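One structure below.
Taken together, the values in this text are just the output of simple stated rules run on the coordinates, not laboratory data. Remember, it's a predicted structure, so these values are computed and weren't measured experimentally. No Cβ is skipped: glycine too gets one built from the backbone with ideal geometry, and neighbour counts run over all protein chains shown.
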Amino acid sequence: MRVAVSLSVASMMLAGCLQDLGSTGDVLARDAAKGVVNSTVEARFPGVDARPLTDCIIDNASSGEIIQIAESAIVGSNQATTNLILQIAQRPDTVRCTVNNSLGLNL
């Protein structure tokens, strides 16, 4: 129970710190979120280059979603994080971005 409370507090502090850092916090959150997204994509699609999809997921996530995913880098990923990543991946703009990045198109 203490561990859960500590992790919850750490997550809230991380979110607050990242927001206070402005653009630096945004870069840190995006980098942390990219690591989580990349690992999730690689686990679900072994052997596939996850980078194009990872970049598109991050680019089409809201700042709140990025922070939520970035928190998983600290407290560990769970099914809710995976579901969020998959939800973002299915958005039309994310799908379009992934196709464009994978094929080198500019649609």
Under the Karplus relation 6.51 cos²θ - 1.76 cosθ + 1.60, θ = phi - 60°, what is the ordered set of whole-Hz ³J(HN,Hα) values for the range 65-73, x standing for Gly and Pro?
5, 4, 5, 4, 5, 4, 4, 5, 5
Overall dimensions of the range 19-78 as given by Cα atoms, namely Rg and Dmax in Å:
11.4, 38
Listed residue (Ile69, Leu103, Gly35) projecting farthest to the positive dipole end of the range 34-103, Cβ model
Leu103
Can you compute 3J(HN,Hα) from phi for each residue in the range 37-47, using the Karplus curve 6.51 cos²θ - 1.76 cosθ + 1.60 with θ = phi - 60°, rounded to whole Hz and x for Gly and Pro?
4, 4, 4, 5, 5, 4, 5, 7, 10, x, x
All-pairs Cα distance distribution in the range 39-107, expressed in whole percent, bin size 5 Å:
3, 18, 27, 27, 15, 7, 2, 0
